[in-house]
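Take this structure, written in structure tokens, and hold onto it; I'll ask about it next.
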Amino acid sequence: MSHAFWLFRFVIPFLSLLALTVYLYRYVMRPLQQFHRASQAFSQGDYSARIGNTMTLGDDEISQVARTFDKMAERTSDVIQHNRNLIADMSHEIRTPLARIEMAIDCADREIDREDMLNRIKTDTQKMRSTAEDTLTLAWIENEQPNLRSESFDLAELIEIIADDARFEYPDKQIILEQDEPLPISNSSQLALSQSLENVIRNGLRYTDVGETLTIKATKKATCYQILITDSGPGIDPCLYEKIFKPFFKANNQVAARKGFGVGLALARRHIEAVGGTIRAYNAHEQGLTMDITLPKQE
């Protein structure tokens, strides 16, 4: 009886408590240690640190929190890397115009082709400003992911205004606009679409020779609107159809005029995707490059 008393009153409860403690430690403390290691490594600059890489995740609450942490870490890592790449690329891109500006200033000080040098300074300054503004806008969209689906307007009217502005800016090139009217669109952003279409049209006009034609066609489909923008340039290698939408992409294998792309097309794609649309590029049947844009009507 004495042994049974001690067994049931002390030994068995102690062993049960010990087993429960070991279980809680393995179930709670070890995952928390993995959380600590992963968060510490991430805070110290190891943006590849993930909890799922060091422990098996199940369906319990701790595993759900771990998956949330990994998603947050993945998103943060992408934003940091994207911003680093943008800053590095932009720094590289502005070095050349800065060097030209310095040379032009030196020539202007020496009264060497002063008028031409001032025009050179003005042109390069405008390019640098445009590059900086587009880069900052792209970084803002990637970081903040703002809601750009809050407006309703007539897409045909917007395209016509953009085409008129392009005709004024490039009077030596022809712009043909063919579109259905009206093209009512909702849950979108007039500013985002305006900037994206302007970037695409200006990119096309840059590679359209004097006297040649850039065509804009906007048509109404069953569930979307399709905008085709076709220039008269040399086109691109088909393997570059997707790569040209990367910021500051350089096409080393291009033998024609299309060798470098700034941030305009990357910003255009991000704007269009933010309002639920898509954009893709392909060579036209006869000559030039076609930008194929689709936008949901959402009437």
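No value in this document is a laboratory result; all are computed from the given coordinates. Nothing here was measured: the structure is a model prediction, and the numbers come from that model. Every residue, glycine as well, gets a Cβ built from its backbone with ideal geometry; the counts of neighbours run over all protein chains shown.
Apply 1/(1 + (r/R0)^6) to the Cβ-Cβ distance of Gln287 and Thr219, taking R0 = 25 Å, and write down the FRET efficiency to the nearest 0.05. Mind showing how you got there, number by number?
Working: r = 21 Å, r/R0 = 0.86.
That gives a FRET efficiency of 0.70.
Can I get the semi-axes of the chain's equivalent ellipsoid? Compute them from the C-alpha gyration tensor as square roots of 5 times the eigenvalues, in angstrom, largest first. Walk me through the numbers on the way to the answer.
Details: eigenvalues 654, 147, 50 Å².
Computed over the chain, the values are 57, 27, 16 Å.
Under 17 Å from a point placed 7 Å out from the Cα of Val79 along the Cα-to-Cβ direction: which residues of the range 40-58 have their backbone N that close?
Residues 42-49 fall inside that zone.
Follow-up. Of Lys127/Lys297; Lys71/Lys221; Lys217/Lys297, which sit over 27 Å apart, Cα to Cα? Walk me through the intermediate numbers first.
On the way: Lys127/Lys297 34 Å; Lys71/Lys221 37 Å; Lys217/Lys297 16 Å.
Violating the 27 Å Cα-Cα cut-off are Lys127/Lys297; Lys71/Lys221.
In Å, what is the Rg of the alpha-carbon atoms in the range 1-147, and how long is Dmax?
That works out to 31.1, 115 Å for Rg and Dmax.
Relative contact order (percent) for the range 17-168, with alpha-carbon contacts under 8 angstrom and 6 or more residues of separation? Don't skip to the answer; put the middle values down first.
Numbers: 73 pairs, mean separation 21.9, N = 152.
So the answer I get is 14 percent.
Leu118 to Asp209: FRET efficiency via 1/(1 + (r/R0)^6), r the Cβ-Cβ distance, R0 35 Å, to the nearest 0.05? Provide the component values of the computation, followed by the final result.
Working: r = 27 Å, r/R0 = 0.77.
After rounding, the FRET efficiency stands at 0.80.
Go through the range 123-129 residue by residue and turn each phi into a ³J(HN,Hα) via Karplus (6.51, -1.76, 1.60, θ = phi - 60°); whole Hz please, and just put x for glycine and proline.
Running phi through 6.51 cos²θ - 1.76 cosθ + 1.60 with θ = phi - 60° gives 5, 5, 5, 5, 5, 5, 5 Hz.
Between helix 264-274 and the chain, what is the angle of the helix's C-alpha long axis to the longest principal axis, kept within 0 to 90° and rounded to the nearest 10?
Taking the Cα atoms of the chain, the angle to 264-274 is about 50 degrees.
Angle check, please: helix 155-169 long axis (alpha carbons) against the longest principal axis of the chain (alpha carbons), in degrees 0 to 90, nearest 10.
The two axes meet at around 50 degrees.
Please give the helix 61-109 orientation as an angle from the longest Cα principal axis of the chain, in degrees from 0 to 90, rounded to the nearest 10.
30
Follow-up. Would you grab the residues whose amide H sits under 5 Å from the one on Thr290? Only those 5+ places off in sequence or on another chain, please, with H modelled 1.01 Å from N.
Tyr282, Asn283, Ala284
Using the Kirkwood radius built from alpha carbon pairs, what does the Stokes-Einstein equation give as D for the range 75-181 at 20 °C and 1.002 mPa s, in µm² per second? Write out the running numbers ahead of the final one.
Working: Rh = 17.7 Å.
Calculated translational D: 121 µm²/s.
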